[in-house]
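Reading through the structure tokens given below for one structure.
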Ligand code: SF4
């Protein structure tokens, strides 16, 4: 594996994703797939066959040109063919990451086998520490196993990054999660606002779990300071730009910014893998679809004459259109009254779906355009271009 480099160049990601099936060894309260994990008879619950998973990988590499992949379950380390899938994926030039709770890797030989299979790195879900972690994931002893797994990764040189969901109960622990990331040499930490995606859209969310942005911001900023001081990359997903001071906005990735993070998913291939046949054990694969075709299915673009053939629409435009569809249509993001006067309105998603119903829109504060002669900011890379992100030269030489 080549050495890490840092870059401020923001290019479109070529990372794909596969969901092997919503089977998991934990029961996180905020899981996007909570219902499917619980319901054994849900068509997306059982793991798919190894042949089907390999066929998805082949398509991501061969048709969509992806060069990396996030493999997730449910929990991918309990997938019976995980080592063979990682090895197949690496062999075809699709560098594999597992999005995992890592509990299985508390056994050192399992950790070593996974590394030997060719896995590139792990994105470990660290949603809290100690008893708090056990409580949010619903399994006693889970934290202890996760710490052992991280120790094993360090011992055998398997790189890790962290995901941490900003649920209310995790807020007192963010600084310690950041310190843990520093101590194990995590390459990046992603803090993810608790969102109304997938199974979380069904109105079961409550103030027990969802925190106000103003409640999240102070501990989040403290955690970012710890990571910045240690030169660990930190990203915050789905957090309105006005909720942190300008110096921290380079770390904020909303739907308009996500395609420019090499560790996030390519909207083009994601539009295909997100279709039900690619998430189910039963049945074959869907016909392929381009990002432009996927956008055209949305009411936002279906009525636009010549949308499918318009040569003036650039690739970056297609990704921006997809971002808008994902935020507004798929996830119910809405603009607040303050957004209407905001200078960054075109690169921000606004407030997430059910948020205003919980807390109202008053936390939103319009950001003045930095230069009245230039007008509003329209480039989604405006802030994130100031962030030094890690990149492995073998991963994306074009990003350096
Ligand atoms: S568009 Fe709205 S939510 Fe986004 S920064 Fe501006 S005021 Fe805040």
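The values are calculated or read from the model by the stated rules, or taken from the named source; none is laboratory data. Predicted, not measured: the structure shown is a model, and the values here were computed from it. All Cβ positions, glycine included, derive from the backbone under ideal geometry; neighbour counts span all protein chains shown.
Assorted remarks:
- Residue tally, condition closer than 20 Å to residue 380 by Cβ, in contact with a helix residue (DSSP H, G or I) (Cβ under 7 Å, 6 or more places away or on another chain) and away from the ligand (no atom under 16 Å from the Cβ), over the range 225-265: 6
- Residue within the range 303-313 that is under 28 Å from residue 9 (Cα atoms), touching a residue at least 24 places away in the same chain (Cβ under 8 Å), more than 16 Å from the ligand (Cβ to nearest atom) and surrounded by fewer than 20 Cβ atoms within 10 Å (Cβ to Cβ) present: no
- Residue-level check: of (1) out of contact with any helix residue (DSSP H, G or I) (no Cβ under 8 Å at 6 or more places or on another chain); (2) touching a residue at least 40 places away in the same chain (Cβ under 8 Å), residue 277 misses just (2).
- Helices (runs of 4 or more DSSP H) fully within the range 248-313 that include at least 1 residues being within 14 Å of the chain's Cα centre (by Cα) and modelled with pLDDT under 95: none found.
- Evaluation of residue 47 against the conditions (1) without any contact (Cβ under 8 Å) to a residue 12 or more places away in the chain; (2) within 13 Å of residue 72 (Cβ to Cβ) shows that the sole unmet condition is (1).
- Failed item in (1) near the ligand (Cβ under 9 Å from one of its atoms); (2) surrounded by fewer than 19 Cβ atoms within 10 Å (Cβ to Cβ); (3) more than 26 Å from the chain's Cα centre (by Cα), with residue 338 passing the rest: (2)
- Of the set (1) modelled with pLDDT under 95; (2) more than 16 Å from the ligand (Cβ to nearest atom); (3) under 22 Å from residue 28 (Cα atoms), all apply to residue 195 but (2).
- Answer residue from the range 375-400, given it is surrounded by 19 or more Cβ atoms within 10 Å (Cβ to Cβ) and within 10 Å of residue 262 (Cβ to Cβ) and is modelled with the highest pLDDT among those: 389
- Residue 4 vs. criteria surrounded by fewer than 16 Cβ atoms within 10 Å (Cβ to Cβ) and in contact with a strand residue (DSSP E or B) (Cβ under 6 Å, 6 or more places away or on another chain): yes
- Selection from the range 32-51 of residues that are surrounded by 17 or more Cβ atoms within 10 Å (Cβ to Cβ) and touching a helix residue (DSSP H, G or I) at 6+ places or on another chain (Cβ under 6 Å): 32, 33, 34, 35, 44, 45
- Test: residue in the range 348-363 that is within 10 Å of the ligand (Cβ to nearest atom), assigned to a loop (DSSP other than H, G, I, E, B) and surrounded by fewer than 17 Cβ atoms within 10 Å (Cβ to Cβ): yes
- Residues of the range 314-334 that are part of a loop (DSSP other than H, G, I, E, B) and within 22 Å of the chain's Cα centre (by Cα): 331, 332, 333.
- Matching helices (runs of 4 or more DSSP H) fully within the range 52-141 where at least 3 residues are at pLDDT below 95 and either in the same structural domain as residue 265 (by TED's automatic domain parsing) or surrounded by 15 or more Cβ atoms within 10 Å (Cβ to Cβ) (or both): 130-137
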